[in-house]
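The structure under discussion appears below in the form of C-alpha cells.
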Amino acid sequence: MRNKSLEAKHHRLIYLLNVAQRRVQRWIAAQRSSEVTPAQAGLLFILGKQDGVLMGEAGAALDMGPAGISGLVDRSAAAKLVERRADREDGRAFRVWLTPKGRTVLAQAKADAAAINAALTEGFTSAEIDIVARWLTSIQDKFPRDSIRDSARDPEQ
C-alpha cells in the first residue's frame, strides 16, 4: 500500500527524523557506561561479526567514505579498541582487527544497544516496529549514498 495522499505531507517526517536522531545521539553520549562513541560501537559490531574486515568494507557497512572510516579507525586504534594491519594479499589495503580491549568494550556496547533498543520499541507492537524498520531501511534505497554525492557535484541534475 502506497501513501500518496496529502495527509502524508503533514507528518513533518524530516523534522521528526532529525530531532529523533539528535536526541538519541545526545542520550547515548550522556551515558556513563559508554566507553565509545556510537560510530566506534558500530565499528566494533561489524568486527564482532567478522573480525579482520577490509577498511573499505567497514566503511561501506557504516555508510562512510574513505576519509571517514580512516579517521574512525585511527581514533579507535588510539583508544586500543582495534588494530589496523596491512592485508597479506594486497599491500595497499588494510584490515581492521579487534583487540582484547575492543572485545570487552564490544560486549558492553551490545548490552547498551539492547537497552536502547528496548527503550525505543517500548509501547509498540512487533508488527509496528517491523513497519518502522522497513520504512527506515527504504530511505537508504530511495537516497543511496552515491546518488547524494553525485547530485552534490552536479547541481544541474
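The values are calculated or read from the model by the stated rules, or taken from the named source; none is laboratory data. Predicted model, so just to flag it, every value in this text is computed and none were measured. Heavy atoms of the whole protein, side chains included, go into the accessibility calculation; ligands, DNA and RNA do not. Shrake-Rupley method; radii C 1.70, N 1.55, O 1.52, S 1.80 Å.
Leaving ligands and nucleic acids out of the surface, order Phe124, Phe45 by accessible area at 1.4 Å, largest first.
Phe124, Phe45
What does the convex hull of the Cα atoms come to per residue for the chain, in Å³?
With only Cα atoms used, the chain gives 171 Å³ per residue.
Using only protein heavy atoms and a 1.4 Å probe, report how much of Ile14 is accessible, in Å² to the nearest 10.
Only protein atoms counted, so the area is about 130 Å².
Give me the percent relative contact order of the chain, please, defined on Cα pairs under 8 angstrom at least 6 residues apart.
Result for the chain is 18 percent.
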